[in-house]
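Visitor: What follows is a single structure, and I will ask about it in a moment.
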Amino acid sequence: MLHWLSPGSQRATAGATGIASGATPLYRGRSLTRSRSWSTAEARISSRVQPFPQVARKMELIVALGLIVLKVALLIAILLLLPLPLTWLERKIAGHMQQRMGPMRVGWHGLLQPVADGIKLLTKEDHIPAEADRFLFKLAPILALAPPFVVFVAIPFGESISVLGNEITLYVSNMNVALLFIFAVIGIEVYGVIFGGWAANSKYAVLGSLRTCAQMISYEIPMGFAVIGVVMLAQSMSLIDIVRAQADVWNVVYQPIGFFVFFVAGLAEAQRIPFDLAEAEGDLGAGFHTEYSGIRFAFFMVSEYVIMVLVSVLVVILFFGGWNGILLPLPPLLWFALKVAFFVYVFMWFRFTFPRYRYDQLMAIGWKVLLPLALANIIITGILLS
Amino acid sequence: MSRALDRAGTWVGWAFFADLASALALTFGYMFSRPVTMQYPDKEKWVPYSRYRGHHFLTRDEAGEIKCVACELCARICPCDCIEVVPYEDENGKRHPAKFEIDTARCLFCGLCEDACPADAIALGQQYEFSSFSSRDLVIGRDDLLAKPGKAATGGSVVAAQLNTEKNVLVETKEPRGYDWWRNIRRT
């Protein structure tokens, strides 16, 4: 694993050692020496008690691993709970945009409505259609749910915070290939949607997954190309380096076309209106999850919301300076959260403003508009950089 | 020249998504406008207009005597035959209804009984909450009809109310005058 993560660059080695010694600060060479001096001091103390200095190193490894496990657990807990307020928020925004009030009856202004919905989904009958492919039908929700969670391993939420005198980094791992990792893993999510539609053996579901196939192929490509401009500017694929490169000027100033292409492709990736053809309520029942009920349906919903947050996070990191603030000296983590919240709101705002694109229009936008724009963006960035 | 400018403007607007931006601005404006939701039955209740044809009621005259003369015209004109009147004659030789039953499950609230009544005794009032689990409960007798609320005086408003789950009816609060529901309607 260490070998895979260290292609020889200074920053990447710092990041790779960061994985091994999570409790200590990880940046540049400085942190390396500090962590080494800490461990030697520890070894000196422990050598008096124990004649084996390897024990200290083992302890260090265990602490680092424990920290990673703790971070991952916290991340999963946050991501699993996040859809609850988001569904409430979405319904409230929808209501007020349509001059309604949204949920009002469960709790104060319907705040407990998501909890009630969760209980409802948990206690509902778990129905599997008679003609369904049972294995794929059960596999699909897990395939849809897991990749968006896995992706968050590679996503930084800030540099580091100090807790009880120890510097704790706000990311699980600083991969030097974070962007590639994200695109590779998020591609798997599509299989969940495709299998779900296929296994249900219903024509609406199959149509939904067919549309998803076509949509994902046409939108992952412009999305990938849109990111290349950012990578060229930061000279790195590590998301932390990309954010650090935006300390003065955000990438959206240099890469407006890249931002546009990435955002539109992100809307399609998250399968939100105007590109939610896979689950078009109007023409396909509920699209690929027509036949799903109960907690399996909830898996698809959670996956959808986590991807929405993921795309917002990626937009913020790649184009809007990550945790770099402007004007107001707020804590970096708060800046990051505020920006992400804004983009999540924009997603919901779009949903209740725009109609759905037709299937052929969707393909035309993907191949005829976004892809040429993304390619032109790369060429322009290359010319301006050289 | 101006046509060319218009066309150029259209293309510039198309390139910068002027139509999408105006749509977003519209929904954003609506998000901060007042919701038109009437919070029935939790907080508010609609008092219908005085022309509203709700539950029937029988009226009394100044002396407190029932106005109905038991002529049975209402029963005769009723298109769904839901009124049943049995008359009697008191010691002064006046006709009164001994039995006056309306089967509200069959009634279609056309208001013809109100039109036909020569004594202005029966009319359709403002009450609209009389759903029931049993259709037998929907046959309303004379004394119940006399107790029903009459036509709304301040119709077309929304008054504060609260749901009384014990009696399964809505209890209005003391506030007699509500607000005009139409004030929330956004006119563009």
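Visitor: What FRET efficiency comes out for the pair B:ALA160/B:VAL86, r = Cβ-Cβ distance, R0 = 60 Å, nearest 0.05?
Guide: 0.90
Visitor: Pop a pseudo-label 7 angstrom from the Cα along the beta-carbon direction at both A:VAL69 and A:LEU139 and give the gap in nm to one decimal.
Guide: 3.0
Visitor: Measure out, as a whole number of angstrom, how far apart the alpha-carbon centroids of the range A:257-282 and the range B:1-46 sit.
Guide: One Cα centre to the other: 21 Å.
Visitor: So which helices of chain A fit the span-like rule, where a helix is a whole DSSP H run, its Cα atoms reach 30 Å or more along the axis, and its mean Kyte-Doolittle is at least 1.0?
Guide: A:54-81, A:178-199, A:203-234, A:294-319
Visitor: Just to confirm the number: angle between the C-alpha axis of helix B:18-31 and the first principal axis of chain B, 0 to 90 degrees, nearest 10?
Guide: 40
Visitor: Which whole-angstrom value gives the distance between the alpha carbon centres of the range A:123-174 and the range A:326-374?
Guide: Spelled out, the Cα-based centre of one part sits 22 Å from the other.
Visitor: Turning to a different aspect of this structure: Tell me the mean residue ellipticity at 222 nm calculated for the protein assembly as shown from its helices only (DSSP H runs of n ≥ 4, each -39500 (n - 2.57), averaged over every residue, nearest 500).
Guide: Helix-only estimate at 222 nm: -17000 deg cm²/dmol.
Visitor: Considering only A:ILE295, A:ILE240, A:ILE194, give the residue with the highest GNM mean-square fluctuation for chain A, with springs between Cα atoms whenever their separation is below 10 Å.
Guide: For chain A, modelled as a Gaussian network with Cα springs under 10 Å, the answer is A:ILE295.
Visitor: Here is a follow-up. When the convex hull of the Cα atoms of the range B:55-150 is projected onto a plane and the area is averaged over all directions, what value comes out in nm²?
Guide: 6.0
Visitor: Compute, for the range B:55-150, the length of the dipole vector about the Cα centre, with Cβ point charges of +1 (Lys, Arg) and -1 (Asp, Glu) only. Units Debye, rounded to 20.
Guide: 160
Visitor: Also: For chain B, take the longest principal axis of its alpha carbons; what is the angle in degrees between that and the long axis of helix B:2-15, to the nearest 10 within 0 to 90?
Guide: The helix B:2-15 is inclined about 80 degrees to chain B.
Visitor: Taking the Cβ-Cβ separation of B:LEU20 and A:SER162 as r and a Förster radius of 56 Å, what is the calculated FRET efficiency to the nearest 0.05?
Guide: 0.80
Visitor: With chain A treated as a Gaussian network of Cα nodes joined by springs under 10 Å, which of A:LEU373, A:LEU79, A:LEU111 yields the largest mean-square fluctuation?
Guide: A:LEU111
Visitor: Run the dipole for the range A:124-385 about the Cα centre, Lys and Arg Cβ at +1, Asp and Glu Cβ at -1, nothing else charged, and hand back the magnitude in debye, nearest 20.
Guide: Using Cβ point charges on Lys, Arg, Asp and Glu, the range A:124-385 gives about 260 debye.
Visitor: Moving on to the next point. Mean separation of Cα pairs under 8 Å and 6+ residues apart, divided by the residue count of chain A: what relative contact order is that in percent?
Guide: 18
Visitor: Report the FRET efficiency, 1/(1 + (r/R0)^6), for A:VAL253 and B:TYR49, where r is their Cβ-Cβ distance and R0 is 60 Å, rounded to 0.05.
Guide: 0.50
Visitor: For chain B, what is the relative contact order in percent, using Cα pairs closer than 8 Å and at least 6 residues apart in sequence?
Guide: 26
Visitor: Using 7 Å Cα-to-Cβ label points, what is the A:VAL106/A:ALA77 separation (nm, one decimal)?
Guide: The answer from the label model is 2.3 nm.
Visitor: Of A:PHE262, A:ALA364, A:ILE194, which is farthest on the positive side of the dipole of the range A:124-385, counting Cα position, with +1 on Lys and Arg Cβ, -1 on Asp and Glu Cβ, and the Cα centre as origin?
Guide: A:ALA364
Visitor: Can you tell which of B:PRO97, B:SER50, B:ALA8 lies farthest toward the positive end of the dipole of chain B, using +1 and -1 charges on the Cβ of basic and acidic side chains (Lys, Arg; Asp, Glu)?
Guide: B:ALA8
Visitor: Can I ask one more? With N denoting the number of residues in chain A, provide Rg(C-alpha) divided by 2.2 N^0.38 Å, to two decimal places.
Guide: 1.08
Visitor: Starting from the Kirkwood Rh over alpha-carbon pairs, what translational D in µm² s⁻¹ does the range A:233-378 have by Stokes-Einstein at 4 °C and 1.567 mPa s?
Guide: The diffusion coefficient I find is 77 µm²/s.
Visitor: With only Lys, Arg, Asp and Glu charged, each at its Cβ (+1 for the first two, -1 for the last two), find how big the charge dipole of the protein assembly as shown is about the Cα centre; round to the nearest 20 debye.
Guide: The dipole of the protein assembly as shown has a size of about 2260 debye.
Visitor: Can you tell which of B:ALA75, B:PHE109, B:TYR88 lies farthest toward the positive end of the dipole of the range B:55-150, using +1 and -1 charges on the Cβ of basic and acidic side chains (Lys, Arg; Asp, Glu)?
Guide: B:PHE109
Read-outs: derived from the displayed coordinates by stated rules, not from any lab. Predicted model only: the values in this text are computed from it and were never measured. As a convention, Cβ positions derive from the backbone with ideal geometry for all residues, glycine included, and neighbour counts pool all protein chains shown.
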